[in-house]
Amino acid sequence: MYCTLTRSLQPARRILLTSRTSQFHSATNIRDANNTVEKDTPKPTATVARQLSSVPKGQTLTGINFLKDGKDPVALDDTEYPDWLWDLLDEKKQKQKTTKPNNRQYHRKKNREAIKAMNFMKDKKT
């Protein structure tokens with residue numbers, strides 16, 4: 001009984017701990033911290049940092065052709081490629097695109113739903 005009780009209290013314990021720590025980051029503390037910064041400092045502009053391609057414009061890319069009668073492609077300028085192509089190199093953006101989380105709670109919930117659906121279909125057949 002003790003194990004099941006402590007397991008059931010873990011989510012509540014997490015909520016209590018996070019609410020305690022959020023007191024230290026109240027709006028007044030954040031506002032006071034922002035006022036200490038000089039107002040004349042220039043703000044950085046939001047520019048997208050792209051990696052440059054490893055091949056210069058106009059170079060023939062050998063070994064990429066997969067067609068029987070095709071020719072090897074020629075490299076284009078970096079601005080001529082679509083924006084989504086550069087996102088493939090960014091590891092953070094690729095991790096964000098994963099649709100299924102790896103946590104245990106998610107998989108247990110999906111497994112439970114699958115079992116309920118299977119049991120429902122078994123009851124329908126009889």
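Just so you know, in region 54-100 the residues that are among the hydroxyl-bearing types (Ser, Thr, Tyr) and touching an Asp or Glu at 6+ places or on another chain (Cβ under 6 Å) include one that is surrounded by the fewest Cβ atoms within 10 Å (Cβ to Cβ), and it is 62.
Taking the conditions (1) modelled with pLDDT under 85; (2) in a helix (DSSP H, G or I) in turn, residue 106 satisfies each one other than (1).
Kindly provide the set of residues from region 60-119 that are touching a Leu at 6+ places or on another chain (Cβ under 8 Å) and of a type in the set (Gly, Ala, Ser), ordered by number. Walk me through it before giving the result.
Keep residues of region 60-119 that are touching a Leu at 6+ places or on another chain (Cβ under 8 Å), which gives 72-75, 78, 94.
Residue satisfying the conditions is 75 alone.
When the residues of region 90-103 are narrowed to those that are at pLDDT 80 or above and part of a loop (DSSP other than H, G, I, E, B), which ends up nearest to the chain's Cα centre (by Cα)? Looking at residues that are at pLDDT 80 or above and part of a loop (DSSP other than H, G, I, E, B), I get 90.
Which ones in region 68-126 are in contact with a strand residue (DSSP E or B) (Cβ under 7 Å, 6 or more places away or on another chain) and among the charged types (D, E, K, R)? Before the answer, list the steps.
As a first pass, look at region 68-126 and keep what is in contact with a strand residue (DSSP E or B) (Cβ under 7 Å, 6 or more places away or on another chain): 72, 74.
Passing the criteria: only 72.
The values are calculated or read from the model by the stated rules, or taken from the named source; none is laboratory data. The model shown is predicted, which means the values in this text are computed figures rather than measured ones. Every residue, glycine as well, gets a Cβ built from its backbone with ideal geometry; the counts of neighbours run over all protein chains shown.
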